[in-house]
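Enquirer: Could you have a look at this structure, given as structure tokens, before my questions?
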Amino acid sequence: MDEPIPDGTLATIEGVRRIHHDGYWLKVYDPPADSLQAKKQLIQALTRRLFNHVEHGINIPGKRLDDARRAYEAETEPARKRVKGAMFAGALFNRATDIFTKLVELQELGIEIDTDNALMRECGLCLQEALNLGRLVLHRSGDEGIDELWGEPFRAFSIPVEAFYESRYIKIAQALREIDRIATVMAATFAGSPLFQGIDPLVLEFARIAKVKCETLRTDPDIFEVWADFVVASERLGAVAPCLSPTSTPAEHQLAADGLRLILQGRNLLTDITRARVTMPKSAREYIERCETYAALAQAAARPALAVVGSRPRKRGPTAPAVLRR
């Protein structure tokens with residue numbers, strides 16, 4: 001038997017430097033030097049990335065932090081308080097970024113900034129408080145929050161830049177495993193279906209390209225080819241149509257509509273995970289449950305129904321439950 005490959009193993013594979021984590025060989029990128037300037041740029045990038053993936057309306061400027069805090073603390077209606085808490089978290093993140101920007105500007109003027117500087121401490125406190133409020137913020141899909149994105153700027157602030165880059169490989173490997181798991185379930189759900197013949201190769205190809213996109217940074221020269229491949233594969237999967245005949249029954253039409261909706265939901269979930277480069281466990285779990293429900297319905301519909309039960313005909317074609325219509 002082959003010996004397991006330890007996580008963190010480095011190797012050059014087909015001319016590309018890669019690192020092994022959780023069964024995946026990921027593309028390696030050299031981290032920048034560990035400095036305030038590098039941390040400032042990293043936190044700014046992570047903050048932009050965060051706001052790009054979370055719900056709209058929470059990117060509140062840091063200068064409005066006190067207003068955001070008062071609005072959150074004064075709110076009593078639970079649903080509104082969640083939204084105002086998300087806005088407060090956004091203001092805290094932006095305040096931390098503002099502080100880091102000014103500290104780096106001072107450093108560039110030759111002013112030494114100690115790690116126990118009062119502004120450095122305030123920056124850390126802002127990030128920590130925002131992290132605690134991050135549980136109130138939803139992904140743009142509205143299905144769940146992504147705690148990992150809220151924790152990243154604080155980790156980038158707290159640990160050396162090189163250590164932060166190394167930790168990202170672990171999260172990317174977890175995301176790749178999630179992509180494989182969802183795509184496998186999705187392909188198995190529709191494999192052999194007369195309504196969606198030939199869709200499983202499209203699903204698996206989209207997942208393959210999604211994993212390449214997930215491990216590729218936007219600064220990589222290959223991003224032009226990778227992103228184009230990813231978009232085209234997504235469009236091909238989204239363009240599938242059920243195979244219905246003029247004699248198809250209403251039950252078959254309903255099964256086709258539910259299946260098409262499920263395919264698009266799966267494609268969108270894989271896209272969200274790929275772009276965020278972290279797992280979405282709640283969304284993945286609920287999607288897999290919907291696939292299992294649909295597969296059971298499709299299998300039941302494929303069984304020959306008894307023409308007569310006693311003297312009364314049995315109705316054919318199950319009605320899809322609400323879980324498939326999300």
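Enquirer: Of the residues in region 229-250, how many are within 19 Å of N268 (Cβ to Cβ) and either in a helix (DSSP H, G or I) or within 19 Å of the chain's Cα centre (by Cα) (or both)?
Expert: First, pick out the residues of region 229-250 that are within 19 Å of N268 (Cβ to Cβ): 229-242.
With either in a helix (DSSP H, G or I) or within 19 Å of the chain's Cα centre (by Cα) (or both) added as a condition, the list becomes 229-238.
Going through region 229-250 one residue at a time, the tally reaches 10.
Enquirer: How do the helices (runs of 4 or more DSSP H) wholly within region 109-208 filter down when requiring 1 or more residues that are hydroxyl-bearing (S, T, Y) and more than 24 Å from W227 (Cα to Cα): which remain? Even if it seems obvious, please write down each step before you answer.
Expert: Numbers: elements: 118-133, 147-158, 161-190.
Per the criteria, 147-158, 161-190.
Enquirer: Hey, V161 hits all of (1) of a type in the set (V, I, T); (2) at pLDDT 90 or above; (3) closer than 30 Å to K39 by Cα but one; which does it fall short on?
Expert: Against the list (1) of a type in the set (V, I, T); (2) at pLDDT 90 or above; (3) closer than 30 Å to K39 by Cα, V161 comes up short only on (2).
Enquirer: May I pose another question? Give all pairs with beta carbons closer than 7 Å in which a residue from region 191-218 that is within 27 Å of V278 (Cα to Cα) meets a residue that is of a type outside the set (A, V, I, L, M) and not in a helix (DSSP H, G or I); count only pairs at least 6 apart in sequence or on separate chains.
Expert: Once the first residue is within 27 Å of V278 (Cα to Cα) and sits in region 191-218, its partners that are of a type outside the set (A, V, I, L, M) and not in a helix (DSSP H, G or I) give C214/R277; E215/K27; T216/K27; T216/D222; L217/Y29.
Enquirer: Within region 48-59, work out how many residues are assigned to a helix (DSSP H, G or I), at pLDDT 85 or above and surrounded by 22 or more Cβ atoms within 10 Å (Cβ to Cβ).
Expert: Qualifying residue count for the region: 0.
Enquirer: Kindly check whether there is at least one residue in region 93-102 that is modelled with pLDDT of 90 or more and not assigned by TED's automatic domain parsing to the domain that holds R277.
Expert: Within region 93-102, one or more residues are modelled with pLDDT of 90 or more and not assigned by TED's automatic domain parsing to the domain that holds R277.
The values are calculated or read from the model by the stated rules, or taken from the named source; none is laboratory data. Note that this is a predicted model, so its numbers are computed, not measured. Using ideal geometry, Cβ is built from the backbone for each residue, glycine included, and neighbour counts are taken over all protein chains shown.
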